[in-house]
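*Asks:* Take a look at this one; I'll ask things after.
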Amino acid sequence: MGLVWLLALGLGAMALMVALRLGRPLWTFVGAALMLGATGYALQGSPNLPASPVRTALRAPVEDPGLTDLRDRMLGRYTLDAAYLTAADAMMRAGDPRSAVRALLGGINRIPRSIALWTALGTAYSIHDGAVSPPARFAFEQAMRLAPRHPAPPFFLGLAHVRADDFAAARPLWARAVALSPERASYRQDLAVRLALLDQLLAEQAAAG
C-alpha cells in the first residue's frame with residue numbers, strides 16, 4: 001500500500017504541475033523532491049506504513065541547496081547579514097546546528113533588525129531541537145514582527161512544522177506566505193507548488209480517515 005501512495009503522489013504532482021503551467025525549472029525541483037522521497041522510503045520505510053512516503057517527499061534535507069536558493073531569492077543575497085548566513089549554512093551542512101545557532105545569534109547582536117537572521121535562527125533552533133521549540137517560535141515571531149508583510153518568516157515557520165510532521169499547522173502559514181508573495185516574484189510558484197502538495201497530502205490523510 002505504501003508504494004501505491006508513493007506512485008499516487010508522483011502522478012498527482014505531475015498533474016498539478018501541468019494544471020498550473022509551471023516552468024521547466026520547477027519540474028526539476030519537484031522531481032528531485034519526489035526522487036528524494038522515494039529513495040528515503042526504499043532505504044528506511046516500510047510498505048505497511050501508508051503515509052510515510054508522502055511525508056518524506058515533502059521534507060528536504062537540512063543542507064538542501066534548493067532551500068538556500070529559495071531563501072536568498074526571498075530575502076536577498078548581497079546584504080549586510082550575508083556573511084552570518086553563509087557561516088550558518090556551512091555549519092548546517094557539517095551537521096552542527098548548535099554552532100549555526102551561535103553564529104546567527106552573533107549576527108543578530110550586530111544587526112538586531114535583520115529579518116533574514118531571525119528567520120534563519122528560527123530554522124536553526126527548530127533543527128537543533130527537533131521541533132518548533134519556544135526559542136524557534138520566538139525567533140520566527142520576531143521576524144514576523146519586524147516584517148509582518150514579508151512571506152519568508154511564515155514560509156520557513158511552516159517548513160519547520162512540516163519537518164516536525166505537523167502538516168496541519170504548516171498549512172495556514174504556507175497559505176499566508178503565498179498570499180504575501182508579489183505576483184511577479186521569482187519564488188511565488190515555488191511556494192505555490194509546496195502549498196499544493198501539502199493540500200494534496202492533507203486531503204489524502206482526511207480521506208484515509
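Each reported figure results from applying straightforward, stated rules to the coordinates on display, with no laboratory input. Computed from a predicted model, the values in this text were never measured in an experiment. Methodologically, a virtual Cβ is constructed for each residue, glycine included, from the backbone with ideal geometry; neighbour enumeration extends over all protein chains shown.
*Asks:* For segment 103-110, what does the Karplus curve 6.51 cos²θ - 1.76 cosθ + 1.60, with θ = phi - 60°, yield as ³J(HN,Hα) per residue in whole Hz, taken in order and with x for Gly and Pro?
*Replies:* 4, 5, 5, x, x, 5, 4, 8
*Asks:* Which listed residue (HIS128, ALA139, ILE111) has the Cα farthest towards the positive end of the charge dipole for segment 62-208, taking +1 on Lys and Arg C-beta and -1 on Asp and Glu C-beta about the Cα centre?
*Replies:* Of the candidates, ILE111 comes out farthest on the positive side.
*Asks:* Can you tell me how much longer the chain between ALA206 and LEU80 gets when fully stretched, taken as 0.36 nm per residue apart minus their C-alpha distance, in nm with one decimal? Present the calculation step by step, with values, prior to reporting the outcome.
*Replies:* Details: separation 126, 0.36 × 126 = 45.36 nm, distance 4.49 nm.
Contour length minus the Cα-Cα distance gives 40.9 nm.
*Asks:* Something else: Which of the peptides 121-132, 72-83, 92-103 is most tightly packed, and how do the rest follow, going by the mean number of other Cβ atoms within 10 Å of each residue? Let's see the in-between values first.
*Replies:* Working: 121-132: 21.7, 72-83: 15.6, 92-103: 17.9.
Per-residue mean Cβ counts within 10 Å order the peptides as 121-132, 92-103, 72-83.
*Asks:* If you count, for each residue, the other Cβ atoms within 10 Å and average over each peptide, how do 149-161, 168-180 line up from highest to lowest?
*Replies:* With the highest mean Cβ count within 10 Å placed first, the list reads 149-161, 168-180.
*Asks:* Further, regarding this structure: What order, most packed first, do the peptides 190-198, 139-147 have when packing is the mean number of other Cβ atoms within 10 Å of each residue?
*Replies:* Going from most to least packed, we get 190-198, 139-147.
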